[in-house]
1. How many residues does the range 144-175 contain that are surrounded by fewer than 16 Cβ atoms within 10 Å (Cβ to Cβ) and either aromatic (F, W, Y) or within 24 Å of K127 (Cα to Cα) (or both)?
2. For the range 213-221, indicate whether the set of residues that are over 14 Å from N35 (Cα atoms), without any contact (Cβ under 8 Å) to a residue 60 or more places away in the chain and out of contact with any strand residue (DSSP E or B) (no Cβ under 7 Å at 6 or more places or on another chain) is non-empty.
3. Hey, T123 hits all of (1) touching a strand residue (DSSP E or B) at 6+ places or on another chain (Cβ under 7 Å); (2) open to solvent by 30 Å² or more (accessible area, probe 1.4 Å); (3) not in a loop (DSSP other than H, G, I, E, B) but one; which does it fall short on?
4. How many residues are open to solvent by less than 20 Å² (accessible area, probe 1.4 Å), within 23 Å of the chain's Cα centre (by Cα) and not hydrophobic (A, V, I, L, M, F, W, C) when one looks only at the range 195-238?
5. For T30, indicate whether it is of a type in the set (S, T, N, Q) and within 17 Å of the chain's Cα centre (by Cα).
6. Taking helices (runs of 4 or more DSSP H) that do not extend beyond the range 2-90, which have at least 1 residues that are open to solvent by 40 Å² or more (accessible area, probe 1.4 Å) and among the aromatic types (F, W, Y)?
7. Being hydroxyl-bearing (S, T, Y) and touching a Lys or Arg at 6+ places or on another chain (Cβ under 8 Å) is true for just one of T278, T269. Which residue is that?
Amino acid sequence: MKKIQMVDLQGQYQQIKEAVNSSIEEVLNTSAYINGPLVHEFQADLEKYLDVKHVIPCANGTDALQIAMMGLGLEQGDEVITADFTFAATVEVIALLKLTPVLVDVDAETYNIDIEALKRAITPKTKAIVPVHLFGQVANMDAVMEIAKEHNLFVIEDNAQAIGADYTFKDGTKKKAGTIGNVGTTSFFPSKNLGCYGDGGAIFTNDDALAHTIRGIVNHGMYTRYYHDVVGVNSRLDSIQAGVLKAKLPLLDTYCEARRNAARFYNKTLSVSEHITTPVTKSNATESCKDICDTCDCHVFHQYTLQITNGKRDALHKHLLDNGIPNAIYYPVALHSQKAYADTRYNESDFPVTNELIKTVISLPMHTELDKEQLEFITKTILDFVD
């Protein structure tokens, strides 16, 4: 059996080596390292794939979130509601902009923002909601958009983990994750479903005026060189990374399906244990599916995260490492408990689901190159230990 990787970028590269190398060589030969033709080509390709009017590439996913908030004109003290159970970048940019982060609990099945907790958190100072499509599954966007419309709030989708996923609305229509709210953001960190070979990110919107503002912000506030119309930053996707992404984008749906197939194997094999809670998928706000249906498109499994409910999570984490199986705990500390974001406004009783998840979740190897022999070894090792 070949060595198990948490993310096998080397194996993936071998399958696309010719296309990637050709793109990189093109950049080297033209020396168009910043804002070169491949950046514009990738941007156009991604706009077509997402069916969105504007894609604005930038340097990374964290910048994408910050720039989106800057573009919306949020002001110091404005409250921005987001999920407590996620990576710190989501709340980090809110704090950096001197906005007021408001953390709420998550749904026990999907780990995405809890709709009732979101409703309770709204005050006259609330200006925006940041739903996080965690681990690759789209949040309940029917409800989020209804709430935003009722209270006149902006919606900024944190789509760093779910590019390629679809959301099916109650009326049966579909949209790609990241294209539903006022603005969406993503990361092209190497381990993402669509990842480059360094840092990269992008912002999506169908709002022409907002897109114009954001294009200025990412380039020092300039639309004409040396004329600064807005306060901006320096955040660009370089041409080499754009070339890598352009080579990978046509394979994104194939990559996502390979991840779903691995998740199907995990779910089917591991669900036999009463001490393991496997992930569910929700194609809309009402229907959940433990088997990951054959037509699943709502979850792209950036991570495969399950729960160990008999108190053996930490011991399993070590046991897997001892047996050559990489794994991770996303996330061991809730954001409301982090020193940087602690606030007297928060009560532990407000976060029952998050506080349980940080004690039980564990993420298994998940990537496009997993084979049956590896999956069988991983699942057998888990079941033998947990049960």
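The values are calculated or read from the model by the stated rules, or taken from the named source; none is laboratory data. What you are looking at is a predicted structure, and each value in this text was computed from that prediction instead of being measured. For neighbour counting, all protein chains shown are included, and Cβ atoms are generated from backbone atoms with ideal geometry for every residue, glycine included. Each accessible area value is taken on the protein alone, full model and side chains, heavy atoms only, with ligands, DNA and RNA left out. Shrake-Rupley method; radii C 1.70, N 1.55, O 1.52, S 1.80 Å.
1. 6
2. Scanning the range 213-221 turns up no residue that is over 14 Å from N35 (Cα atoms), without any contact (Cβ under 8 Å) to a residue 60 or more places away in the chain and out of contact with any strand residue (DSSP E or B) (no Cβ under 7 Å at 6 or more places or on another chain).
3. The number of the failed condition is (3).
4. 5
5. Considered against the rule, which asks whether it is of a type in the set (S, T, N, Q) and within 17 Å of the chain's Cα centre (by Cα), T30 comes out as no.
6. On the way: elements: 9-30, 37-50, 61-71.
Qualifying helices (runs of 4 or more DSSP H): 9-30, 37-50.
7. T278
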